[in-house]
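Please read the structure below before turning to the comments.
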Amino acid sequence: MEIAPGIYSMSQEEGGHVHAFLLDDGNGLTLLDTLYDDDGNGVLSEIARIGKTPADVKTIILTHAHKSHLGGLAALKKASAATVCSHDWEVDIIAGRREATRVSPIPRRPLQVYKLQLGLALGLGKHKPCEVDRRLKAGDHVGPLQVIATPGHTPGSLSFWWAERRALFAGDVIATWPDLAPGWPGLTLDNEQNLRSANQFGDLSNAEILAVGHGEPIARDAASEIRRILK
């Protein structure tokens with residue numbers, strides 16, 4: 001689904017209403033996260049729907065290394081030969097050399113996501129490993145995107161700003177499902193740090209679009225919605 005010119009949203013319920021995004025800046029496609037399923041079919045279907053082929057995907061960027069966001073990575077890398085990018089801290093998890101840091105199994109709100117919290121607490125939800133080609137840091141640019149370091153949910157969580165389209169891709173720093181909030185406390189490794197990361201977005205006073213990892217994107221006047229949840 002096109003939510004703005006050149007920005008396509010894909011989603012699936014498995015993985016917590018998880019979303020991924022295809023970006024078309026006229027110089028090939030950039031894929032931001034890969035949904036939950038290992039086969040990558042949700043992404044491949046959207047690529048075909050917009051009249052493109054897997055070879056048009058030049059770059060795959062991961063906001064962080066949780067199964068909901070990198071499930072389809074290995075299949076999509078194979079189909080596209082795209083350059084895979086992530087923060088350095090997430091590389092060994094993505095490549096299968098280290099498991100994702102576990103969280104507490106004690107339930108935290110929102111309770112709708114407790115299944116995901118318990119899965120991460122028990123080390124469930126394995127993904128097919130894939131090597132990372134490029135390691136990102138704050139201030140880097142990938143295609144049309146500026147990299148923003150937003151640790152908290154995980155130490156290597158990244159967000160991205162497409163200035164020309166006034167679009168913020170916040171990963172799991174902010175969620176819009178089941179409510180608009182600065183992340184999910186039960187799945188976030190450092191909630192205070194995550195909130196500090198979210199407060200960086202207050203500087204993006206002209207943000208029109210907010211695209212998040214869980215929940216529907218906000219496609220109009222995102223800056224005012226972001227300000228509502230910042231403290």
Fill in: Subset of segment 129-147 (residues that are over 21 Å from Asn27 (Cα atoms) and surrounded by 16 or more Cβ atoms within 10 Å (Cβ to Cβ))
Cys130, Val132
Fill in: Hits in segment 149-196 - residues which are within 20 Å of Arg135 (Cβ to Cβ), in a loop (DSSP other than H, G, I, E, B) and hydroxyl-bearing (Ser, Thr, Tyr)
Thr150, Thr154, Ser157
Practice prompt. Identify, by number, the condition in (1) assigned to a helix (DSSP H, G or I); (2) free of Cβ contacts under 8 Å to residues at least 40 places away in the same chain; (3) within 18 Å of the chain's Cα centre (by Cα) that Ala121 doesn't meet.
Written response: (3)
Item to complete: Please work out which one of (1) farther than 19 Å from His19 by Cα; (2) in contact with a strand residue (DSSP E or B) (Cβ under 7 Å, 6 or more places away or on another chain); (3) hydrophobic (A, V, I, L, M, F, W, C) is the condition Ile174 fails and give its number.
Response: (1)
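To keep it simple, each residue is scored yes or no on (1) closer than 24 Å to Ser86 by Cα; (2) free of Cβ contacts under 8 Å to residues at least 60 places away in the same chain; (3) among the basic types (Lys, Arg); (4) touching a Cys at 6+ places or on another chain (Cβ under 8 Å).
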residue: Ser157; (1), (2), (3), (4): yes, no, no, no
residue: Arg165; (1), (2), (3), (4): yes, no, yes, no
residue: Gly171; (1), (2), (3), (4): yes, no, no, no
residue: Arg196; (1), (2), (3), (4): yes, yes, yes, no
residue: Pro217; (1), (2), (3), (4): yes, no, no, no
residue: Ser224; (1), (2), (3), (4): no, yes, no, no
Worksheet item: Hey, among the residues in segment 167-183 that are surrounded by fewer than 24 Cβ atoms within 10 Å (Cβ to Cβ) and closer than 19 Å to Asn199 by Cβ, which one's nearest to the chain's Cα centre (by Cα)?
Response: Thr176
Fill in: Single condition Arg228 does not satisfy, out of (1) within 26 Å of His141 (Cβ to Cβ); (2) of a type in the set (Lys, Arg); (3) surrounded by fewer than 15 Cβ atoms within 10 Å (Cβ to Cβ)
(1)
Worksheet item: Are any residues in segment 1-37 within 22 Å of Asp221 (Cβ to Cβ) and among the hydroxyl-bearing types (Ser, Thr, Tyr), and if so, which ones?
Response: Tyr8, Ser9, Ser11
Discussion item. Against the conditions (1) assigned to a loop (DSSP other than H, G, I, E, B); (2) modelled with pLDDT of 95 or more; (3) basic (Lys, Arg), where does Lys231 fall short? Just the number, please.
Written reply: (2)
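The values are calculated or read from the model by the stated rules, or taken from the named source; none is laboratory data. All of these numbers come straight from a predicted model, not from anything done at the bench. Cβ sites come from the backbone with ideal geometry, for glycine too, and all protein chains shown count toward neighbours.
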